[in-house]
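**Student:** I'd like to ask some things about the structure below.
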Amino acid sequence: MSRRGTFWFGWALALVAMAGFARLGFWQYARMQEKQALLANVERVLRGPAVDIDAAGTADLAWVEGQATIDARTLLLDNQMRDGKPGVHVYCIARVGVADRLVDLGWIAVKPDRTMPGAACPQGPLHVRGLMTPLPSGGLRVGAPMQQLDGMRWLMARADVDAIRSTLRIAVPARVIRLDPKLPVGYVRDLDVLPNTLPPERHLGYAVQWWALSLAVFITALVLSIRKSKPNA
């Protein structure tokens, strides 16, 4: 390959790398903006009054309240980290009027030998108040989404609403009510909508790193081009 051909081939590789790094930076920046918007919406919802659970419908975010009846069916959502420890979230079926809803009662640690805790949903009437959000992302759909532990308890590898509907034969929306931590029922919980994921600041940090790599490739290619263009001493 001629010297001129090598020059343009090198710049083509540099431009591809620069574009790739820049695109990754913009993707991270977009994720930061999405999460900032989500946190702002949560703060706005939490500042407002609670709405009736039925009135909330299938809103993405709502601070809801109402009377419900809990049945014995208990769903344990696996692979939930808290303070660096593995555990499960306890989901219950709440009948509100004539509709069923999923309610998150909180987190329980799992033993090192993977023995599941003996948590069960409290049958009977329950005053429900909490933040209604979409179900957590299921991630990669590998393996069965649910397996029965005993007569009334199931372990969920991911929050798959279709699997919940077909297994339990209920028509729940793809939403969960995260119970208010102030209510005297359930387990360890909070209203963090970004658990087990990166906060917005980390996405911004990664965006800056990718953009810096793109700039570094440009500077390196420019310096090498200038050196090659100089006649040999």
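**Student:** Once every DSSP H run of n ≥ 4 in the chain is given -39500 (n - 2.57) and the sum is divided by its residues, what mean residue ellipticity at 222 nm do you get, rounded to the nearest 500 deg cm²/dmol? Could you put the intermediate results ahead of the total?
**Tutor:** Values: 4 runs with 87 residues, N = 233.
The per-residue figure over the chain is -13000 deg cm²/dmol.
**Student:** Further, regarding this structure: Report, to two decimal places, the Cα Rg of region 75-165 normalised by 2.2 N^0.38 Å (N = number of residues).
**Tutor:** Values: Rg = 13.4 Å, N = 91, 2.2 N^0.38 = 12.2 Å.
Rounded to two decimals, the normalised Rg is 1.09.
**Student:** I've got another one for you. How large is the Rg to Rh ratio of region 110-224 when both quantities use alpha carbon positions and Rh follows Kirkwood?
**Tutor:** For region 110-224, the value is 1.16.
**Student:** Hydropathy first: keep DSSP H helices in the chain averaging at least -0.5 on Kyte-Doolittle, then drop any whose Cα extent along the axis falls short of 24 Å, and list what survives.
**Tutor:** Those that clear 24 Å and a mean of -0.5 are 3-47, 200-229.
**Student:** Please compute the per residue accessible area over region 65-154 with all protein chains in place, 1.4 Å probe, rounded to a whole number of Å².
**Tutor:** That works out to 49 Å² per residue.
**Student:** Using a Debye calculation, one point per C-alpha and no hydration shell, please list log10 I(q)/I(0) for region 1-112 at q = 0.11, 0.15, 0.18, 0.22 Å⁻¹ in order.
**Tutor:** Listed by q, the Debye log ratios stand at -0.64, -0.91, -1.09, -1.18.
**Student:** Return the loop-located trypsin sites (Lys or Arg not before Pro) in region 110-189 (DSSP other than H, G, I, E, B) with at most 11 other Cβ atoms within 10 Å of their own Cβ; answer none if there are none.
**Tutor:** Loop-located and lightly packed - 114, 141, 169, 182.
**Student:** Taking the C-alpha atoms of region 175-219, how large are the radius of gyration and the largest Cα-Cα span, Dmax, in Å?
**Tutor:** Using the Cα atoms of region 175-219, the pair Rg, Dmax is 18.9, 60 Å.
**Student:** If each Cα of region 113-156 is one equal point scatterer, what is log10 of I(q)/I(0) from the Debye formula at q = 0.26, 0.28, 0.33 Å⁻¹?
**Tutor:** Per q value, in the given order, log10 I(q)/I(0) is -1.11, -1.10, -1.15.
**Student:** Length gain on complete extension for the stretch residue 191 to residue 216, per 0.36 nm per residue less the alpha carbon to alpha carbon distance?
**Tutor:** So the extension gain works out to 4.9 nm.
**Student:** Sticking with this structure for a sec: Could you calculate the contour length gain from residue 72 to residue 27, that is, 0.36 nm times the residue separation minus the distance between their Cα atoms, to one decimal place in nm?
**Tutor:** Full extension of this stretch gives 11.9 nm more.
**Student:** Another question about this same structure. Long-range amide H contacts for residue 170: which residues qualify at under 5 Å (H placed 1.01 Å from N, peptide plane, sequence gap of 5 or more or a different chain)?
**Tutor:** The list, which skips near neighbours in sequence, is empty: none.
**Student:** Now for a separate question. In percent, how large is the relative contact order of the chain, given Cα pairs closer than 8 Å and 6 or more residues apart?
**Tutor:** 26
**Student:** For region 65-112, report the % of Cα-Cα distances exceeding 14 Å.
**Tutor:** It works out to 52 percent of all Cα pairs.
**Student:** At 7 Å along the Cα-to-beta-carbon direction for both residue 162 and residue 182, put a label point, then send me their distance in nm to one decimal.
**Tutor:** Inter-label distance under the simple model: 4.0 nm.
**Student:** Give the separation of the Cα centroids, region 12-64 to region 97-111, in Å.
**Tutor:** The two parts, judged by their Cα centres, are 24 Å apart.
**Student:** Sticking with this structure for a sec: Could you tell me what fraction of 2.2 N^0.38 Å the Cα radius of gyration of the chain comes to, as a two-decimal ratio?
**Tutor:** Dividing the Cα Rg of the chain by 2.2 N^0.38 Å gives 1.45.
**Student:** While we're on this one: Sort 225, 137 by heavy-atom solvent-accessible area, probe 1.4 angstrom, most to least.
**Tutor:** 137, 225
The values are calculated or read from the model by the stated rules, or taken from the named source; none is laboratory data. Model, not experiment: these values are computed from the prediction. Don't worry about glycine lacking a Cβ; one is built from the backbone with ideal geometry, like all the others, and counts go over all protein chains shown. The accessibility values were calculated without ligands, DNA or RNA, using every heavy atom of the protein model including side chains. Shrake-Rupley method; radii C 1.70, N 1.55, O 1.52, S 1.80 Å.
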